[in-house]
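Q: Got a structure here, written out as structure tokens. Questions coming.
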Amino acid sequence: MQTITKNVGNLPIYIFENRAVMGVAAAERAAKIINDVIAKNGVANVVFAAAPSQDDILENLLKQDIDWTKVRGFHQDEYVGIDASEPAGFGNFLDRAIFKKVPFMELHYLLCAADATEAKCAEYTELLKKYPIDLILLGIGENGHLAFNDPAVADFNDPKMIKVVELDDVCRQQQVNDGCFATLNDVPKQAMTLTMSFIMSVPHAVCVVPTIRKANAVYNAVNGPVTTECPASILRNHKDAGLYLDMDSASKIL
């Protein structure tokens with residue numbers, strides 16, 4: 001089966017037979033961006049997403065010809081107050097998936113104590129200003145969120161680069177559906193997240209969205225109005241984003 005390609009607004013959409021092929025294509029695109037930036041600037045600054053939806057791209061990124069000693073790694077969100085040893089923590093997820101598997105130049109984590117989020121957000125903001133991000137890897141949540149910008153807290157004109165948010169129940173239930181937590185009560189209620197305005201400021205974005213559970217969100221992101229009711233809809237206005245889907249997640253837009 002050949003790749004199905006569509007364009008909506010500025011956003012190219014690539015639909016693949018399965019998530020394995022999707023992951024290869026997305027990783028190849030991300031690797032090209034990273035290598036082009038390294039060739040131009042000497043170093044690439046990359047924000048990674050932490051979720052099971054990212055397994056395919058991260059696994060295949062490890063197979064790409066990238067000089068990881070010239071890459072700074074960041075991540076886009078983290079639970080407030082989560083224990084440093086909790087496997088579901090996003091820094092720990094990325095350690096297992098990629099951060100500890102290749103020799104990054106630097107890694108910058110969001111984890112902090114529950115009473116230190118304001119200071120951590122300020123610190124991370126300064127890092128993001130010091131090391132402008134070249135590429136952000138994204139997923140789309142079941143509620144249409146990007147990072148942890150759920151509909152109730154997403155702001156397309158957010159003055160902040162990173163902030164603390166309350167997670168909605170759809171978002172929290174997704175963490176259970178993904179197998180990251182046993183019950184809804186186990187999922188933290190707050191998180192730190194990069195903001196929508198920051199995500200849109202990053203020059204390049206690769207958004208990877210497999211599985212049938214994301215089909216409604218993909219439909220709304222692609223066919224609905226551009227609105228914070230589906231934060232991912234704003235990707236249609238991004239200067240260089242690509243949306244990578246499998247047949248399941250794309251089932252309602254085919």
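Q: What are the residues in segment 25-43 that are of a type in the set (A, V, I, L, M) and under 17 Å from the mean Cα position of the chain (by Cα), if any? Working first, answer last.
A: Quick first cut of segment 25-43, residues of a type in the set (A, V, I, L, M) only: 25-27, 30-31, 33-34, 37-39, 43.
Once the filter is applied, which keeps residues that are of a type in the set (A, V, I, L, M) and under 17 Å from the mean Cα position of the chain (by Cα), segment 25-43 yields 25, 26, 27, 30, 31, 33, 34.
Q: Go through segment 190-219 and count every residue that is crowded, with 20+ Cβ neighbours inside 10 Å and not hydrophobic (A, V, I, L, M, F, W, C).
A: Residues that pass the stated criteria total 5.
Q: Picking from 93, 104, which residue would you name as being surrounded by fewer than 19 Cβ atoms within 10 Å (Cβ to Cβ) and among the aromatic types (Phe, Trp, Tyr)? First the steps, then the outcome.
A: Values: 93 fails: surrounded by fewer than 19 Cβ atoms within 10 Å (Cβ to Cβ).
Criteria check complete, one pass: 104.
Q: If I go through segment 161-189 residue by residue, how many of them are crowded, with 19+ Cβ neighbours inside 10 Å and of a type in the set (Gly, Ala, Ser)?
A: 0
Condition check ((1) in contact with a Leu (Cβ under 8 Å, 6 or more places away or on another chain); (2) free of Cβ contacts under 8 Å to residues at least 24 places away in the same chain; (3) within 22 Å of residue 59 (Cα to Cα)) across all residues:
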position	(1), (2), (3)
91	yes, no, yes
102	yes, no, yes
116	no, yes, no
124	yes, no, no
127	no, no, no
135	no, no, yes
138	yes, no, yes
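Q: Mind checking which residues of segment 178-200 are of a type in the set (S, T, N, Q) and either in contact (Cβ under 8 Å) with a residue 40 or more places away in the chain or not in a helix (DSSP H, G or I) (or both)? If you could, list the steps in order and put the result at the bottom.
A: Filtering segment 178-200 for residues of a type in the set (S, T, N, Q) gives 183, 185, 190, 193, 195, 197.
Result: 183, 190, 193, 195, 197.
Q: Inspect all residues belonging to segment 136-146 and state whether any of them is of a type outside the set (D, E, K, R) and surrounded by fewer than 16 Cβ atoms within 10 Å (Cβ to Cβ). I'd like the intermediate steps shown before the answer.
A: We begin by selecting, within segment 136-146, every residue of a type outside the set (D, E, K, R); these are 136-141, 143-146.
From the residues that got through so far, the ones that are surrounded by fewer than 16 Cβ atoms within 10 Å (Cβ to Cβ) too are none.
Taking every residue of segment 136-146 in turn, none turns out to be of a type outside the set (D, E, K, R) and surrounded by fewer than 16 Cβ atoms within 10 Å (Cβ to Cβ).
Q: For segment 226-246, indicate whether the set of residues that are in a strand (DSSP E or B), among the hydroxyl-bearing types (Ser, Thr, Tyr) and under 25 Å from residue 24 (Cβ atoms) is non-empty.
A: yes
Q: Tell me, yes or no, whether segment 64-87 has at least one residue that is closer than 16 Å to residue 23 by Cβ and not charged (D, E, K, R).
A: Here is the first cut: in segment 64-87, the residues closer than 16 Å to residue 23 by Cβ are 64, 66.
Checking which are not charged (D, E, K, R) leaves us with 64, 66.
Yes - at least one qualifying residue is present in segment 64-87.
Q: Now, a different point. Restricted to segment 86-130, and to residues that are β-branched (Val, Ile, Thr) and assigned to a helix (DSSP H, G or I), which residue is farthest from residue 42 (Cα to Cα)?
A: Of segment 86-130, the ones β-branched (Val, Ile, Thr) are 98, 102, 117, 125.
After this cut, where a residue has to be assigned to a helix (DSSP H, G or I) as well, the list is 98, 117, 125.
Values: 98: 21, 117: 32, 125: 22 Å.
Among residues in segment 86-130 that are β-branched (Val, Ile, Thr) and assigned to a helix (DSSP H, G or I), the one farthest from residue 42 (Cα to Cα) is 117.
Q: Hey, does segment 78-94 have a residue that's in contact with a Cys (Cβ under 6 Å, 6 or more places away or on another chain) and closer than 30 Å to residue 213 by Cβ?
A: So in segment 78-94, the residues in contact with a Cys (Cβ under 6 Å, 6 or more places away or on another chain) come out as 88.
Applying the additional criterion that residues be closer than 30 Å to residue 213 by Cβ yields 88.
Scanning segment 78-94, I find at least one residue that is in contact with a Cys (Cβ under 6 Å, 6 or more places away or on another chain) and closer than 30 Å to residue 213 by Cβ, so the answer is yes.
Q: Do any strands (runs of 3 or more DSSP E) entirely within segment 1-76 hold 1 or more residues that are touching a residue at least 60 places away in the same chain (Cβ under 8 Å) and among the aromatic types (Phe, Trp, Tyr), and if so, which? First the steps, then the outcome.
A: Numbers: elements: 4-8, 11-16, 44-48, 71-75.
Filter on segment 1-76 gives 11-16, 44-48.
Q: May I pose another question? Residues of segment 201-216 being in a loop (DSSP other than H, G, I, E, B) and under 15 Å from the mean Cα position of the chain (by Cα), which ones? Full working, then the answer.
A: Step one: of segment 201-216, the residues in a loop (DSSP other than H, G, I, E, B) are 202-203, 210-211.
Those that are in a loop (DSSP other than H, G, I, E, B) and under 15 Å from the mean Cα position of the chain (by Cα): 202, 203, 210.
Q: Moving on to the next point. Inside segment 152-177, can you point out the residues that are in a strand (DSSP E or B), closer than 21 Å to residue 229 by Cβ and not basic (Lys, Arg)? Give the derivation first.
A: Step one: of segment 152-177, the residues in a strand (DSSP E or B) are 162-166.
Still in the list and also closer than 21 Å to residue 229 by Cβ: 163, 165-166.
Passing the criteria: 165, 166.
Q: I would also like to ask the following. Regarding segment 217-225, can at least one residue be identified that is in a loop (DSSP other than H, G, I, E, B) and either in contact with a helix residue (DSSP H, G or I) (Cβ under 8 Å, 6 or more places away or on another chain) or modelled with pLDDT under 95 (or both)? Working first, answer last.
A: The first filter runs over segment 217-225 and keeps only residues in a loop (DSSP other than H, G, I, E, B), leaving 224-225.
When the remaining residues are screened for being either in contact with a helix residue (DSSP H, G or I) (Cβ under 8 Å, 6 or more places away or on another chain) or modelled with pLDDT under 95 (or both), the result is 224-225.
Yes.
Q: Also, quick follow-up: Sort out which residues of segment 183-202 are aliphatic (A, V, I, L, M) and modelled with pLDDT of 95 or more, and write them in order of number.
A: Start the filter on segment 183-202 by keeping residues that are aliphatic (A, V, I, L, M), which leaves 184, 187, 191-192, 194, 196, 199-200, 202.
Within segment 183-202, 184, 191, 192, 194, 196, 199, 200, 202 qualify.
The values are calculated or read from the model by the stated rules, or taken from the named source; none is laboratory data. These figures come from a predicted structure and were not determined experimentally. With ideal geometry, Cβ positions are generated from the backbone for all residues, glycine too; neighbour counts draw on all protein chains shown.
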